[in-house]
Amino acid sequence: MVTSNIQMLSLFIASVNQPMPIQKSNLDNSTKALGERVRDLRVSRTGLSQEHFADKVGLNRIALGRIEKGESNATFTTIRKICLGLEITLSEFFDGFEDTMKEMEASET
């Protein structure tokens, strides 16, 4: 019995350590809308390139690009950094988010 439990635990640990494949097709509209919101605000409020804005807020340019394209979901901490760089509150950031989501849903139908 003890050996069986150890074997099961070993199999579990081995399975957890396997990398999960990235499935881009599973991204939802909220991730894409968030990315559009970041890009629109970056351009309209700062006029900075992705690279210069990423440097300003302490993010990797590639990570910022993936967020803006909707290929990566931003953490709360990342969104806060972006808001600080845009000199807006979180409320201001999300104020236009609903509109972006509705536009995306309308364009799909």
Inside region 77-99, the number of residues satisfying the requirement of being at pLDDT 95 or above and among the aromatic types (F, W, Y) is 0
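For every residue, the table says whether it meets (1) over 12 Å from L34 (Cβ atoms); (2) touching an Asp or Glu at 6+ places or on another chain (Cβ under 7 Å); (3) in a loop (DSSP other than H, G, I, E, B); (4) charged (D, E, K, R).
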site: R66; (1), (2), (3), (4): no, no, no, yes
site: G70; (1), (2), (3), (4): no, no, yes, no
site: K81; (1), (2), (3), (4): yes, no, no, yes
site: L84; (1), (2), (3), (4): yes, no, no, no
site: I88; (1), (2), (3), (4): yes, no, yes, no
site: E92; (1), (2), (3), (4): yes, no, no, yes
site: D99; (1), (2), (3), (4): yes, no, no, yes
site: E103; (1), (2), (3), (4): yes, no, no, yes
What about N17, is it at pLDDT below 85 and out of contact with any helix residue (DSSP H, G or I) (no Cβ under 6 Å at 6 or more places or on another chain)? yes
Which of the residues spanning region 52-72 are surrounded by 17 or more Cβ atoms within 10 Å (Cβ to Cβ) and touching a residue at least 12 places away in the same chain (Cβ under 8 Å)? F53, V57, L59, L64, G65, I67, E68, G70, S72
What about S25, is it part of a helix (DSSP H, G or I) and either over 17 Å from the mean Cα position of the chain (by Cα) or at pLDDT below 95 (or both)? yes
For region 65-98, name all the residues that are more than 18 Å from S30 (Cβ to Cβ) and of a type in the set (A, V, I, L, M). L84, L86, I88
Step by step: first the residues of region 31-71, then only those that are touching a Ser or Thr at 6+ places or on another chain (Cβ under 6 Å) and at pLDDT below 95, then the one that is nearest to I82 (Cα to Cα). Which residue is that? R37
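The values are calculated or read from the model by the stated rules, or taken from the named source; none is laboratory data. Since the model is a prediction, treat every value here as computed from it, not as a measurement. As a convention, Cβ positions derive from the backbone with ideal geometry for all residues, glycine included, and neighbour counts pool all protein chains shown.
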